[in-house]
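A short write-up of the structure that comes next.
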Amino acid sequence: MKKLNNALVVEDLPAPRQTFSEVLMAAFPGIEVRLAPDLASAYRAVADSAPDIALVDLGLPDGNGADLIRALRQDQPACQCVVTTIYADDQHVFPALRAGAAGYLLKDQSPARMVSQLQGICNGEPPLSPVIARRLLKIFEPEPADAGAVQLSPREKETLILIAKGYRLNEVAESMGLTRNTAAGYIKSVYRKLEVSSRAEAALAASRLGLINRDL
């Protein structure tokens with residue numbers, strides 16, 4: 001990535017506005033920082049000179065900072081837009097990222113940490129507060145199977161109940177009057193449908209289904 005020469009801080013509160021300016025100058029020595037307290041002044045600043053990086057608050061007096069981010073991404077695609085805000089909820093995070101934000105930093109972080117995170121931009125590392133990074137990663141975690149939504153046949157339910165009671169393969173086969181191979185097939189089918197791989201997980205699924213205390 002090219003050297004960052006021009007920066008824009010869009011923040012309505014004087015104290016954080018000054019802090020972000022100092023953070024940018026510490027992260028990128030020699031960078032020129034312009035300050036804007038609202039969207040109107042931010043648009044004027046952008047019209048005068050395109051920023052290489054913009055730190056944008058979301059809750060501004062005259063609108064949502066995500067609108068500025070969207071405009072910058074369309075008109076100045078090389079600009080790295082980073083959200084700086086107090087909001088960590090989905091209603092703020094995802095619209096900002098969809099608008100084109102390259103990073104999302106919460107204001108409660110120390111200036112030193114922000115400096116380090118912003119410097120990562122030059123190496124292609126998106127600046128993200130830890131809580132935001134965890135939130136994004138959680139989205140891509142595989143969700144556990146919903147036992148209540150799994151359709152088990154009567155014989156599969158019977159098999160699951162026996163497994164939850166601690167029965168071994170031979171005991172399951174004997175209790176159900178099946179051959180060992182047939183019982184093994186039912187167990188494999190139950191595990192597959194519930195997306196489990198152990199007796200403990202199967203027992204937990206049986207509990208969620210309300211089967212453990214049910215008489216056979």
Residue pairs within 6 Å by beta carbon, gap of at least six or interchain, first lying in region 96-125 and in the same structural domain as Ala15 (by TED's automatic domain parsing), second in a helix (DSSP H, G or I) and modelled with pLDDT under 95, listed first then second, are Gly100/Arg73; Tyr104/Ile132
Just name the residue that is surrounded by the fewest Cβ atoms within 10 Å (Cβ to Cβ) out of those in region 184-211 that are in contact (Cβ under 8 Å) with a residue 24 or more places away in the chain and not in a helix (DSSP H, G or I). Glu195
Quick one: count up the residues across region 39-56 that are within 28 Å of the chain's Cα centre (by Cα) and surrounded by fewer than 19 Cβ atoms within 10 Å (Cβ to Cβ). 0
Among the residues of region 71-99, how many are under 17 Å from Ala7 (Cα atoms) and part of a helix (DSSP H, G or I)? 4
Conditions (1) buried (at least 19 other Cβ atoms within 10 Å of the Cβ); (2) at pLDDT 90 or above -> Ile132 fails only (2)
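The values are calculated or read from the model by the stated rules, or taken from the named source; none is laboratory data. All of these numbers come straight from a predicted model, not from anything done at the bench. Glycine also receives a Cβ, built like all others from the backbone with ideal geometry; neighbour counts cover every protein chain displayed.
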